[in-house]
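Worksheet: one structure, shown below.
The values are calculated or read from the model by the stated rules, or taken from the named source; none is laboratory data. Source: prediction; values computed, not measured. Note that we place each Cβ from the backbone using ideal geometry, even for glycine, and neighbour counts take in every protein chain shown.
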């Protein structure tokens, strides 16, 4: 029942989406929890793309003169974002999509690394103009930012290897579940799961909040948590590198979006840019380089809540 609720919510406003093939993710992590190598997409040159005149023409004059797009991206979590091995250069799915957007608009990309739950306040305060952080547009978030779709992404459930408690989304009642602070999983899916538990006469999930998924996985492998509920690509990637965990269950994919300051005036430009980008080989190449080509979108929506 709980999984049916989650899948139904994930399909809202997006139609029948293909399941996210997160287990196709290949290669390796440089994080302490996942091994020592670099994900396959992080070894090549940064992606580039030609300026798209129709999108560039929509960039506000002030930003065009400054020539910089300031984008907030969360901390090191392969393969969505991570530091190129031996450098302080951010790479990964999200930074590379940000590079395509900036390039299409004729702007230089400036990445600011921060905790996920500080991104929206930072944009509202004017520290960043945008974020490419696997952020799902919700009704609450749309009140603060504008959202332009760029990928489809699902959520996953990580457990100890062998799944000794036989956990899935239908059996989390009363369990200690680690989530990312401010995440879509915490804000939207957990209330649905708790409602299903209450209806079944069982206890609610015991939620443990962490600043990044690596901390949550550490809690899992040290038996302080029963499961981790987070973005599917990150968990599947971690499971390939850490023999102590596995991902037995995932949700249907739904869109994640570029979050934009409502005051910056960039929304129309980024929408036109993304509509162009998803038709280009550069977009396909970025996704293929991380083994997530199934996450590609065919339609760019603006401010459609999930």
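Counting only residues that are part of a helix (DSSP H, G or I) and in contact with a strand residue (DSSP E or B) (Cβ under 6 Å, 6 or more places away or on another chain), which one in the range 140-189 is surrounded by the fewest Cβ atoms within 10 Å (Cβ to Cβ)?
Checked the range 140-189; the qualifying residue surrounded by the fewest Cβ atoms within 10 Å (Cβ to Cβ) is 186.
Name the residues in the range 70-102 that are in a helix (DSSP H, G or I) and touching a strand residue (DSSP E or B) at 6+ places or on another chain (Cβ under 8 Å), would you?
Correct list: 93, 94, 95, 97, 98, 99, 101, 102.
Within the group 139, 112, which residue is more than 17 Å from the chain's Cα centre (by Cα) and outside the structural domain of residue 222 (by TED's automatic domain parsing)?
Being more than 17 Å from the chain's Cα centre (by Cα) and outside the structural domain of residue 222 (by TED's automatic domain parsing) holds for just one of 139, 112, which is 139.
Within the range 67-89, how many residues turn out to be within 24 Å of residue 275 (Cα to Cα) and loosely packed, with under 15 Cβ neighbours inside 10 Å?
Within the range 67-89, residues that are within 24 Å of residue 275 (Cα to Cα) and loosely packed, with under 15 Cβ neighbours inside 10 Å number 2.
Does residue 240 fit the bill of being over 16 Å from the mean Cα position of the chain (by Cα), assigned by TED's automatic domain parsing to the domain that holds residue 75 and outside any loop (DSSP other than H, G, I, E, B)?
Judged against the criteria, residue 240 is not a match.
Which count do you get for residues in the range 202-242 that are touching a residue at least 40 places away in the same chain (Cβ under 8 Å) and either on the phi > 0 side of the Ramachandran plot or in contact with a helix residue (DSSP H, G or I) (Cβ under 9 Å, 6 or more places away or on another chain) (or both)?
Count: 24.
Scan the range 109-123 and tell me whether some residue there is in contact with a helix residue (DSSP H, G or I) (Cβ under 6 Å, 6 or more places away or on another chain), farther than 23 Å from residue 187 by Cα and not in a strand (DSSP E or B).
No.
Looking at (1) more than 30 Å from residue 125 (Cβ to Cβ); (2) in contact (Cβ under 8 Å) with a residue 40 or more places away in the chain; (3) surrounded by fewer than 22 Cβ atoms within 10 Å (Cβ to Cβ); (4) touching a strand residue (DSSP E or B) at 6+ places or on another chain (Cβ under 9 Å), can you tell me which one residue 197 breaks?
Against the list (1) more than 30 Å from residue 125 (Cβ to Cβ); (2) in contact (Cβ under 8 Å) with a residue 40 or more places away in the chain; (3) surrounded by fewer than 22 Cβ atoms within 10 Å (Cβ to Cβ); (4) touching a strand residue (DSSP E or B) at 6+ places or on another chain (Cβ under 9 Å), residue 197 comes up short only on (4).
Is it the case that residue 264 is within 19 Å of residue 81 (Cα to Cα) and either assigned to a strand (DSSP E or B) or touching a residue at least 12 places away in the same chain (Cβ under 8 Å) (or both)?
no
If residue 121 meets every condition in (1) outside the structural domain of residue 246 (by TED's automatic domain parsing); (2) over 17 Å from the mean Cα position of the chain (by Cα); (3) touching a residue at least 40 places away in the same chain (Cβ under 8 Å) apart from one, which number is that one?
If we test residue 121 against (1) outside the structural domain of residue 246 (by TED's automatic domain parsing); (2) over 17 Å from the mean Cα position of the chain (by Cα); (3) touching a residue at least 40 places away in the same chain (Cβ under 8 Å), just (3) comes out false.
State yes or no: is residue 284 closer than 25 Å to residue 46 by Cα, surrounded by fewer than 17 Cβ atoms within 10 Å (Cβ to Cβ), assigned by TED's automatic domain parsing to the domain that holds residue 102 and touching a helix residue (DSSP H, G or I) at 6+ places or on another chain (Cβ under 7 Å)?
So residue 284 passes the test.
Quick one: residue 48 ticks every box in (1) surrounded by 23 or more Cβ atoms within 10 Å (Cβ to Cβ); (2) assigned to a loop (DSSP other than H, G, I, E, B) bar one, so which box is it?
Failed condition: (1).
Could you list all residues from the range 112-139 that are buried (at least 21 other Cβ atoms within 10 Å of the Cβ) and over 22 Å from residue 306 (Cα atoms)?
If the condition is that a residue be buried (at least 21 other Cβ atoms within 10 Å of the Cβ) and over 22 Å from residue 306 (Cα atoms), then 128, 129 are the ones that fit.
Looking only at the range 194-220, which residues are outside any helix (DSSP H, G or I) and closer than 22 Å to residue 232 by Cα?
Selection gives 205, 206, 207, 208, 209, 210, 211, 212.
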